[in-house]
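Report on the following structure.
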Amino acid sequence: MSEDKAALGREMIGKLCGNPNAVDSMPGDIGRYTIEHLFGDVWQGKDMAVEERSLVTCTVLTALGRESELKFHFPGAKRLGIPREKLLSMIAHVAHYAGWPRAMGALRVLNEVWPEGE
């Protein structure tokens, strides 16, 4: 594992979930790819701010109906300062392109991990 990319990856994971070691339970190469490549390289790009990457990630996960992954990324968006209202607007927008059931799943997750009024 590239020490520089691993360090950057762990720092980004820490920004998103408050624990830089949160994905250490992932075995072997998938754990290394997640830390070094995904969070240590892809999330480090200079063409988009980290907040934009977070919103794009939440949007894609909503469109794909990936509720388990949204449980990681919605709180990450909150930690990055993305307003809950912006996530609600994104969910409403995605509903028209990816389907109401997927949007309702994302809304359930958002309400679970970031209750209204919090």
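The values are calculated or read from the model by the stated rules, or taken from the named source; none is laboratory data. A quick note: this is a predicted structure, and the numbers were derived from the prediction, not measured. Here the Cβ is made from the backbone with ideal geometry for all residues, glycine too, and neighbour counts use every protein chain on show. Side chains included, ligands, DNA and RNA excluded: accessible areas come from the protein's heavy atoms. Shrake-Rupley method; radii C 1.70, N 1.55, O 1.52, S 1.80 Å.
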So what J values fall out for segment 101-113 if you push phi through Karplus, 6.51 cos²θ - 1.76 cosθ + 1.60 with θ = phi - 60°, rounded to Hz, Gly and Pro as x? x, 5, 5, 5, x, 5, 5, 4, 5, 4, 5, 6, 8
If the chain between Ala49 and Glu69 were fully extended at 0.36 nm per residue, the gain over the current Cα-Cα distance would be 5.2 nm
FRET E, pair Ser2, Ala22, Förster distance 25 Å, beta-carbon r, rounded to 0.05: 0.80
Cα long-axis angle, helix 3-17 against the chain (0 to 90 degrees, to the nearest 10): 30 degrees
Can you run the Rg to Rh ratio on the chain? Use alpha carbon positions and the Kirkwood inverse-distance Rh. 0.99
Setting aside same-chain residues fewer than 8 positions from Lys86, which lysines have a Cα under 25 Å from its Cα? Lys15, Lys46, Lys71, Lys78
Value at 222 nm in deg cm²/dmol, rounded to 500, when DSSP H runs of n ≥ 4 in the chain each add -39,500 (n - 2.57): -20500 deg cm²/dmol
0 to 90° range, to nearest 10: angle between helix 84-98 axis and the chain longest Cα axis: 80 degrees
Please give the FRET efficiency for Val42 paired with Trp114, using the beta carbon to beta carbon distance and R0 = 35 Å, rounded to the nearest 0.05. 0.90
Tell me, what % of the accessible area of the chain is carbon and sulfur with a 1.4 angstrom probe? 55 percent
Measuring from its Cα centre, the chain shows a charge dipole (+1 at each Lys and Arg Cβ, -1 at each Asp and Glu Cβ) which, in debye to the nearest 20, is 260 debye
Accessible area expressed per residue, the chain, with surrounding protein chains retained (probe 1.4 Å, Å²): 57 Å²
